[in-house]
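A.B. asks: Dropping a structure here in structure tokens format, bear with me for questions.
We did not get these values from a lab; they are worked out from the coordinates using the rules stated. Since the model is a prediction, treat every value here as computed from it, not as a measurement. Reconstructed Cβ throughout: ideal geometry from the backbone, glycine too, with neighbour counts over all protein chains shown.
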């Protein structure tokens, strides 16, 4: 599996272990990121969009079970737990939380890499990674068109999803009303200025009710912006 651009994320607070795994995995052609902010892992997860996660149980602020549960709300990415707490109770709990495998510490690096490669082959031979776009804690999954904020899913209509997708893809930039209408024009229904205004209004109300206040800003006479 050399020269394959798979992305591996390591959620391990022991920097010695994390760096050793990173060094070994990079030798096998993997792109690797070690999590730095253990208080809020989801933004790093969304930005890196890994193909596989290595996750320790004992972490600062929130344990590995918490993050496994949170990640499972937005992604089906393979998760392998790595932990010295390898008793049956922890292994069962990890699997029930949505983990795909459990490797006990201390482990042989070559065995870990073999398990990572096997998991990647099984998962991605006939599938591709689904991008997740993150902003201010909101996670937009482009695979199932869902939006999640603080662990809760926000139901979006087809047009609301299209609008939000374009805005989040271009976060920090003003998106013209014309560009948004072109995106909505891909649907079967006719879209005019008033239809766009109504859809943006409904979307804003849903975001506001979910706690995402002022998520979409208006640039009068130009378009909309997610800052």
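A.B. asks: By counting other Cβ atoms within 10 Å of each Cβ, how are 27, 95 ranked from fewest to most?
C.D. replies: Lowest to highest Cβ neighbour count: 27, 95.
A.B. asks: Taking a virtual spin label 7 Å from the Cα of residue 13 along the C-beta vector, which residues in the range 46-69 bring their backbone nitrogen under 16 Å of it?
C.D. replies: What the label zone holds, given the 16 Å backbone N cut-off, is 55-68.
A.B. asks: Normalised by the residues of the chain, what does the relative contact order come to in percent, with Cα pairs under 8 Å and at least six apart?
C.D. replies: Answer for the chain is 13 percent.
A.B. asks: Compute the FRET efficiency between residue 152 and residue 109 as 1/(1 + (r/R0)^6), taking r as their Cβ-Cβ distance and R0 = 41 Å, and round to the nearest 0.05.
C.D. replies: 0.55
A.B. asks: What is the fewest-to-most order of 14, 5 by other Cβ atoms lying within 10 Å of their Cβ?
C.D. replies: Least to most surrounded, the residues fall as 5, 14.
A.B. asks: Taking 8 Å as the Cα distance limit and 6 or more residues as the minimum spacing, I'd like the relative contact order of the range 7-124 as a percentage.
C.D. replies: Relative contact order of the range 7-124: 23 percent.
A.B. asks: Counting just the Cα atoms, what span does the range 132-225 cover along each of its three principal axes? Round to the nearest Å and put the largest first.
C.D. replies: 34, 28, 21
A.B. asks: Kindly put 9, 89, 26 in sequence by how many other C-beta atoms sit within 10 Å of each C-beta, fewest to most.
C.D. replies: 89, 26, 9
A.B. asks: Please identify, among 161, 65, 124, the residue showing maximal mean-square fluctuation in a Gaussian network model of the chain using a 10 angstrom Cα cutoff.
C.D. replies: Most flexible of the set in this elastic network: 124.
A.B. asks: Among 18-24, 41-47, what's the highest-first ranking by average C-beta atoms within 10 angstrom per residue?
C.D. replies: 41-47, 18-24
A.B. asks: Given bins 10 angstrom wide, list per bin the percent of all Cα-Cα distances in the range 1-136, short to long.
C.D. replies: 12, 48, 36, 5
A.B. asks: Follow-up. How big is the Rg/Rh ratio for the chain, C-alpha atoms only, Rh by Kirkwood, two decimals? Walk me through the intermediate numbers first.
C.D. replies: Working: Rg = 20.2 Å, Rh = 19.3 Å.
Over the Cα atoms of the chain, Rg/Rh equals 1.05.
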